[in-house]
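The values are calculated or read from the model by the stated rules, or taken from the named source; none is laboratory data. No experiment lies behind these values; they were computed from the predicted model shown. Cβ coordinates were reconstructed from backbone atoms using ideal geometry, including for glycine residues, and neighbour counts include every protein chain displayed. Surface accessibility is based on the protein's heavy atoms, side chains included, excluding ligands, DNA and RNA. Shrake-Rupley method; radii C 1.70, N 1.55, O 1.52, S 1.80 Å.
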Amino acid sequence: MRSHLLNDTTAERYRRSVTEGVERVAAKLATTDRPFTGVTVDTLTPVIEKIDLDRPLGDTTAVLDELEEVYLRDAVYFHHPRYLAHLNCPVVIPAVLGEAVLSAVNSSLDTWDQSAGGTLIERKLIDWTAERIGLGPAADGVFTSGGTQSNLQALLLAREEAKAHDTARLRIFASEVSHFSVKKSAKLLGLSADSVVSLPCDQNKRMHTVALAHELERCIHDGLVPMAVVATAGTTDFGSIDPLPEIAELCAQYGTWMHVDAAYGCGLLVSKTRRDLLDGIERADSVTVDYHKSFFQPVSSSAVLVRDAATLRHATYHADYLNPRRMVEERIPNQVDKSLQTTRRFDALKLWMTLRVMGADGVGELFDEVCDLAAEGWKLLAADPRFDVVVQPQLSTLVFRCIPASVTDPAEIDRANLYARKALFASGDAIVAGTTVGGRHYLKFTLLNPETTVTDIAAVLDLIAGHAEQYLGESLDRAS
Ligand SMILES: *Cc1c(COP(=O)(O)O)cnc(C)c1O
């Protein structure tokens, strides 16, 4: 079995094995003509169930053959131009190369003595990101597993900085379309059930700052503590960006921690044409960025940045075996001192490879392309009487619904749209997401693939309209 260990004696086997796997994936990517096969849970479950994990196949080629059956054949392929559903991007090759390197070397970024150069690379990328944001000379941060963890850590720091004796009095303000991880974080942080105050949005799905001002005032009046305002720079559903300068102003006025959740909008940091959409982000106390959303990085790759490095101390604990306190005096850079995680992947390497090969402008160009595409798609939808589209996109999201001319009952329209989404998924021709707006069912395109064209969008809209018509036809048959 030692022949399976990656070391000096098995370098050749490693090369052959990984190459064989890469060849399979390359062949798959080259021949995938749909984002999905439409496989059902019922079809796939027995295929996986019949595999006996206590009877290994022993041989890489056989296992790759099997992998075709259990995974590769029916996987959901984000690189396909008609995958338009969630915030998943196609990935850039330098980052995939970085992934291969980081898992083979397997550095762990908790301590210097498990990573050496890895720690310095991560730190440099954190500094680079903080500088792009404009957080100032005392900024710092750390890579995380995703936006959820970044938001949790940011709110942990905010809770500690609020210095409230009674956590039941702490309040967090976020818009009604902020990410659900804000509420989850509040729960994990032991805040009260009503700690997250949900603020209304304007018709463009941006936080109403008049409402925010009103709620902050009321919070103080009620003897409560405004712990943090979470501004979203790129809401998950609409790509809308809350008015950051106004929010920063209010946070300064009330001495409230300003967190900017830029999990989606962070791609603007490298945009040559739209960076101004993030104006005001430089006033944040903390920022969440998901490179795995708008920097074309493989999952996972994310970071939390803070204006004041000292606030990261709230996540600092020392263990004699790992990062004893004396190491701080010895100035040994242990990233675990800043992280909620201990053993931690060297995800930063993917971004490093990307910036070194493509450059920041290269990434920004790709993100600009999908934002341009969304603007085109919006025009298409706005001009098409078969559809109702909400919110002109600031980023790359389109939310719309099919409104068949023959139907007036909104509940029936809901059902037609739900049906269309399901039918499309089952066909595998394209994948779209869904959400609700004003209690009604809508469909959503999240455009993150520069290979997607306006023609793709038009074709998928036709497919959706076709499925909706089919539903209504069948529904008529049922009624008669
Ligand atoms: C995706 C998203 C998150 C959560 O990020 P994960 O990487 O999925 O954990 C948080 N906030 C916003 C606005 C998001 O779009």
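Among the residues of the range 114-123, those that are in a helix (DSSP H, G or I) and either free of Cβ contacts under 8 Å to residues at least 40 places away in the same chain or within 16 Å of the ligand (Cβ to nearest atom) (or both) comprise GLN114, GLY117.
Where in the range 134-227 are the helices (runs of 4 or more DSSP H), entirely inside, with at least 1 residues that are open to solvent by less than 30 Å² (accessible area, probe 1.4 Å) and within 16 Å of the ligand (Cβ to nearest atom)?
Numbers: elements: 147-162, 181-188, 209-221.
Output list reads 147-162, 181-188.
Let's see how each residue does on (1) assigned by TED's automatic domain parsing to the domain that holds ALA186; (2) of a type in the set (Asp, Glu); (3) in contact (Cβ under 8 Å) with a residue 40 or more places away in the chain:
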site	(1), (2), (3)
TRP257	yes, no, yes
SER294	yes, no, yes
SER300	yes, no, yes
LEU305	yes, no, yes
PRO324	yes, no, no
MET353	yes, no, yes
LEU366	no, no, yes
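Scanning the range 362-396 for residues that are of a type in the set (Val, Ile, Thr), over 24 Å from ASP202 (Cα atoms) and in contact with a helix residue (DSSP H, G or I) (Cβ under 8 Å, 6 or more places away or on another chain) yields a total of 1. Checked against the criteria, THR9 does not count as surrounded by 15 or more Cβ atoms within 10 Å (Cβ to Cβ), out of contact with any Gly (no Cβ under 9 Å at 6 or more places or on another chain) and on the phi < 0 side of the Ramachandran plot. Scanning the range 370-381 for residues that are touching an Asp or Glu at 6+ places or on another chain (Cβ under 9 Å) and open to solvent by 60 Å² or more (accessible area, probe 1.4 Å) yields a count of 0. Kindly provide the set of residues from the range 413-454 that are assigned to a strand (DSSP E or B) and not basic (Lys, Arg), ordered by number. Those that are assigned to a strand (DSSP E or B) and not basic (Lys, Arg): ILE431, ALA433, GLY434, THR435, THR436, VAL437, HIS441, TYR442, LEU443, PHE445, THR446. When the range 236-279 is limited to residues that are more than 16 Å from the ligand (Cβ to nearest atom) and hydroxyl-bearing (Ser, Thr, Tyr), the one that is surrounded by the most Cβ atoms within 10 Å (Cβ to Cβ) turns out to be THR256.
Listed here are the residues, each with its yes/no results for (1) open to solvent by 60 Å² or more (accessible area, probe 1.4 Å); (2) outside the structural domain of THR452 (by TED's automatic domain parsing); (3) in contact with a Lys or Arg (Cβ under 6 Å, 6 or more places away or on another chain).
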{"position": "GLU23", "(1), (2), (3)": "yes, yes, no"}
{"position": "PRO35", "(1), (2), (3)": "no, yes, yes"}
{"position": "LEU44", "(1), (2), (3)": "no, yes, no"}
{"position": "LEU84", "(1), (2), (3)": "no, yes, no"}
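Within the range 281-338, the set of residues being under 18 Å from GLU160 (Cβ atoms), within 16 Å of the ligand (Cβ to nearest atom) and not small (Gly, Ala, Ser) comprises VAL287, THR288, VAL304, LEU305. Among residues of the range 261-287 that are closer than 28 Å to LEU156 by Cβ, those with a beta-carbon under 6 Å from a residue that is of a type in the set (Phe, Trp, Tyr) and open to solvent by 10 Å² or more (accessible area, probe 1.4 Å) at least six positions away or on a different chain give the pairs ASP285/TRP257.
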